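Take a look at the structure set out below.
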């Protein structure tokens, strides 16, 4: 899936050089499961305008797999973003025709790194999942070929119960990490996460950290916030308490509104003034 062009509407192509980068988590941030439409119509109007007048590039940085993301996004989107990151690590960028194409060098390196880290720690990971099922039989172990060591639970707080077991797996394994998103937790290579994916994309467009805005609500957004301290970092009010505390302690912004309404608040009250000042407007 990480090697083919995306079956989606083309991205917009009617602007000049990339000057700003906006990164959005999907579930619980840009997209609201219980709203219709799931993404505010005003959002796409804003992205169209800002691409044209301010050189904005925007994208979705998600833990979702590609098919799972497009299943929802394609229903409501009049055009595609300029980039997509799936599973926190696989990168796609729009070409000059607006077609989202995989970053083959990055994605291949990512795939090989994960194959190697899972090969090295196969026994340790298998033992972990056996013990996990013994202690927490309601947990579900996903054995997807692209994501062989992933857990799903019925209730999100249940993941907190696994922390001691997870810490034991990660001990003395600096190349092994975990990503947590909602009721899911996946083991992964330390070098590939939302933060390093965004840094790779920003570098490809030559966009400095102070011209990046990062919006997210979940644990897997912490890597992006931590790796880009000079960016505008923000979350909607439905974000996990740990995320809100992290941002408040570091001068980030916590919107009083939830999900996609929070996104619009962040864009209008925090990002828009930044764009005006950065483009020489009063």
Among the residues of segment 170-191, the number that are surrounded by 20 or more Cβ atoms within 10 Å (Cβ to Cβ) and more than 18 Å from residue 86 (Cβ to Cβ) is 1
For segment 244-253, does any single residue satisfy the condition of being surrounded by fewer than 21 Cβ atoms within 10 Å (Cβ to Cβ) and either modelled with pLDDT under 95 or under 14 Å from the mean Cα position of the chain (by Cα) (or both)?
no
Those residues of segment 127-177 that are without any contact (Cβ under 8 Å) to a residue 40 or more places away in the chain and not in a strand (DSSP E or B) come to a total of 32
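Kindly indicate which of 224, 241, 167 is over 30 Å from residue 17 (Cα atoms) and either crowded, with 17+ Cβ neighbours inside 10 Å or not assigned by TED's automatic domain parsing to the domain that holds residue 264 (or both). Even if it seems obvious, please write down each step before you answer.
Numbers: 224 fails: over 30 Å from residue 17 (Cα atoms); 241 fails: either crowded, with 17+ Cβ neighbours inside 10 Å or not assigned by TED's automatic domain parsing to the domain that holds residue 264 (or both).
Selected residue: 167, the only one of 224, 241, 167 that is over 30 Å from residue 17 (Cα atoms) and either crowded, with 17+ Cβ neighbours inside 10 Å or not assigned by TED's automatic domain parsing to the domain that holds residue 264 (or both).
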So, in segment 255-282, how many residues would count as being over 21 Å from the mean Cα position of the chain (by Cα) and either buried (at least 18 other Cβ atoms within 10 Å of the Cβ) or at pLDDT below 95 (or both)?
8
Can you confirm whether segment 48-59 contains a residue that is under 26 Å from residue 180 (Cα atoms) and surrounded by 19 or more Cβ atoms within 10 Å (Cβ to Cβ)?
yes
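The values are calculated or read from the model by the stated rules, or taken from the named source; none is laboratory data. Predicted model, so just to flag it, every value in this text is computed and none were measured. Heads up, the Cβs are rebuilt from the backbone with ideal geometry, glycines too, and the neighbour counts pull from every protein chain shown.
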